[in-house]
Structures are given as structure tokens and as C-alpha cells.
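A.B. asks: What follows is a single structure, and I will ask about it in a moment.
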Amino acid sequence: MNQILEWLFAKPLQVEIISIWIITGVVIALVFAINNAIKKADVMAKPTGLVLIGVLIVQTFSTITKDNMGARHYKNYAPYVGALALYLFFSNISGLFGLAQPTANYSVTLTLALITFILIQRAVFMSNGFVKFFTRFFEPYPVFFVMNFFGAIAPLVSMSLRLFGNITGGTIIMMLFYSFTGYVAGFVPVIGQFDFIGPLIGPFLHAYFDLFVGFIQMFVFISLTTVFIGNEFPSEPETTN
Amino acid sequence: MDIARGLVAIGAGIAVLTGTMTGIGQGYAAGKAVEAVGRNPEAESKIRSMLILGAAIAETAAIYGLLISFLLLFVFN
């Protein structure tokens, strides 16, 4: 046991990994709590409490996915979109709870964008077939190969860097803000050791950079995921039901 | 070395100037969204989600500039 622990913690551990563990635990606990509540719930009664939260989450992300992807394919992708949204939301607001935001680490955002990228390529493969998957780079003329190739990998770069840049920008601005208020408070003689200006102005900045930006970036990430995947499927006639 | 640090800081400042053009573009998009809502108010929720998406995509250039300035400040200093 001791050897395993030594092996685990001998390497320098990036601080984001600990917050990834905590956030994953929170999401899993939430899912299990909702599952438990649904099992106990009365089917005919109005949903309340955790059951209501579960119903709202499922309904919201099913609707978003259906709007962007069409009625035929959305059922395969709605669970992924919902899980992604929950994880991204908890990651983005984790700065409020004193954790290092996992999305301020480029490895995490690149991994999430890579999953979406693979799903996009899978959608191309499913709707166009094996030959078209490779020949699409040479359309309409072979000289367009470079443009088509970079057009195919652009979502990977832009999605990961957008999320990473927004969260990192917020983190660094908050860091600069607290060091500046600490510097200013240092001039006050008696209570100057304590940064008393930061807690006064900080909450508004936290509300913007953590809650608002975090929510918007989560929404943008899942919207782009569904739009990019939905674009690859052939458009279907509008059905009314 | 002091001159080099100053030049790095100036470079970082120039890099975040990409935000000005992004601001113009996002303002234009928001104005057009207001016009669209005025023209048919029942499509408001769809227009709002499209506006957020478009604004976020327009913001990418500013984010790249911001990242480059962070790289300049924290890596070359």
C-alpha cells in the first residue's frame, strides 16, 4: 500500500488533477442521488426535488440536441451532450469553491475537444461511407486538399483554445486583481496586512468571470458540438409530431 | 535586460489589441440581433442562441490575442 502511494505521489502532481477527482466525484454523486430518488418516486405524482432536477436536465439537453441535430439522430448524442454540459459547468464554476479550474489546463480542454472531433469524423464516416471519407478532402479540385484538411481539424483547435482561453483569462485577471488590491491595502497602517479591498469588490468579478463566463462557455461548447455533428448528417424533411 | 522586458510588455499590449476589432464585430452582431427581434419577436429564443454562438465564434480571435499576450508575459519574462 505504501509503495503504491509513493509511486502515485512521487511524480509532481498537477493541481488540476485533484479538482478533476473532486468534480468527477460530485457529478457521480449527483447522478446517483437523482437515480436513487427516481427509483423511489411515485410515477403518477408531480416530480419534486431531485427528480425534478433530473427531469429538467434531461429535457433541456434533449431539446438543445434535437434543435441542432434533427429528430432522427439526436437520441444517440443527447447523453454525451448532457454529461459534457454537467462536467463543464461544474469545472468552470469550481473556481468559486477554491479549486483550480480543470478547464484552465489545456490538456483537459484538448481532450474534450478531441472527443467531439472524433464524433464529428464518425458522423462523416456514417453518412458518407468509407471512400467519400477520404475523397472529400480532394473536392472540388485536388488542389483544395490543404484548405479542406485544415478546415477539418480547425474545430479541434478553435474549440479547445476558446474554452481554455476564456477560463484562463478569467483566472489570471482575478489573480492580478487580488495581487493589486493586496498591494493597495498594504498602505493602510493597521489592518493593511489583511487584503480588505478584495472581498469588497471581488464577488462581482467572480460572478462575471466564474458564473457568467463559465455558463456561457459551457453553452457555446455544447452548441458547437451539436451543430458540428449535426451538419454532417444529411438534412431531413421537417416532420410535425 | 530591462529594455527586453519592456519590449515584451509592449508586444503583449499590441497582441491584445485584437480585442478592438472583435468588439466592433460583436457589437454589429448584437445590433443585427436587436433588429431581427424587432422584425419578428416570436423568434427571440432562436435569435438569442444564434447570437451567443456567433459572438463566441467572433471572440475566438480576441482569445488568441489574449493567449499570445499571456505567453509573452509569462514565458518570456
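A.B. asks: Please tell me if A:Ile229 is within 14 Å of chain B (Cβ to nearest Cβ) and either assigned to a helix (DSSP H, G or I) or farther than 21 Å from A:Gly165 by Cβ (or both).
C.D. replies: Here the answer is no, as A:Ile229 does not meet what is asked.
A.B. asks: Please find, within the range A:170-179, the residue that is nearest to the other protein chains (Cβ to nearest Cβ) out of those that are without any contact (Cβ under 8 Å) to a residue 40 or more places away in the chain and in contact with a helix residue (DSSP H, G or I) (Cβ under 9 Å, 6 or more places away or on another chain).
C.D. replies: Filtering first and then ranking leaves A:Ile172.
A.B. asks: Still on this structure: Kindly check whether there is at least one residue in the range A:181-200 that is surrounded by 14 or more Cβ atoms within 10 Å (Cβ to Cβ), within 14 Å of chain B (Cβ to nearest Cβ) and either assigned to a helix (DSSP H, G or I) or not hydroxyl-bearing (Ser, Thr, Tyr) (or both).
C.D. replies: Looking for residues that are surrounded by 14 or more Cβ atoms within 10 Å (Cβ to Cβ), within 14 Å of chain B (Cβ to nearest Cβ) and either assigned to a helix (DSSP H, G or I) or not hydroxyl-bearing (Ser, Thr, Tyr) (or both), one finds none in the range A:181-200, hence no.
A.B. asks: A follow-up question, please. Hey, does the range A:132-152 have a residue that's modelled with pLDDT of 90 or more, over 18 Å from A:Gly98 (Cα atoms) and of a type in the set (Lys, Arg)?
C.D. replies: no
A.B. asks: With respect to the numbered conditions (1) free of Cβ contacts under 8 Å to residues at least 12 places away in the same chain; (2) surrounded by 13 or more Cβ atoms within 10 Å (Cβ to Cβ), which one is the sole condition not fulfilled by B:Ile10?
C.D. replies: Condition (2) is where B:Ile10 drops out.
A.B. asks: I would also like to ask the following. Given the condition within 14 Å of chain B (Cβ to nearest Cβ), surrounded by 11 or more Cβ atoms within 10 Å (Cβ to Cβ) and either basic (Lys, Arg) or farther than 24 Å from B:Ala62 by Cβ (or both), answer yes or no: does some residue in the range A:150-168 qualify?
C.D. replies: Yes; the residues of the range A:150-168 include at least one that is within 14 Å of chain B (Cβ to nearest Cβ), surrounded by 11 or more Cβ atoms within 10 Å (Cβ to Cβ) and either basic (Lys, Arg) or farther than 24 Å from B:Ala62 by Cβ (or both).
A.B. asks: Then there is this: Take the residues in the range A:129-180 that are closer than 19 Å to B:Ser69 by Cα and β-branched (Val, Ile, Thr), then tell me which one is nearest to the chain's Cα centre (by Cα).
C.D. replies: A:Ile167
A.B. asks: Would you tally the residues in the range A:29-52 being farther than 23 Å from A:Phe90 by Cβ and part of a helix (DSSP H, G or I)?
C.D. replies: So the answer is 2.
A.B. asks: Next up: Which number in (1) modelled with pLDDT under 90; (2) out of contact with any helix residue (DSSP H, G or I) (no Cβ under 6 Å at 6 or more places or on another chain); (3) exposed (fewer than 15 other Cβ atoms within 10 Å of the Cβ) marks the one condition that B:Glu35 misses?
C.D. replies: With respect to (1) modelled with pLDDT under 90; (2) out of contact with any helix residue (DSSP H, G or I) (no Cβ under 6 Å at 6 or more places or on another chain); (3) exposed (fewer than 15 other Cβ atoms within 10 Å of the Cβ), B:Glu35 is out only on (1).
A.B. asks: Would you mind stating whether A:Leu99 is among the aliphatic types (A, V, I, L, M) and not in a helix (DSSP H, G or I)?
C.D. replies: yes
The values are calculated or read from the model by the stated rules, or taken from the named source; none is laboratory data. Owing to the predicted nature of the structure, the values given are computational and were not obtained by experimental measurement. Note that each Cβ is placed from the backbone with ideal geometry, even for glycine, and that neighbours are counted across all protein chains shown.
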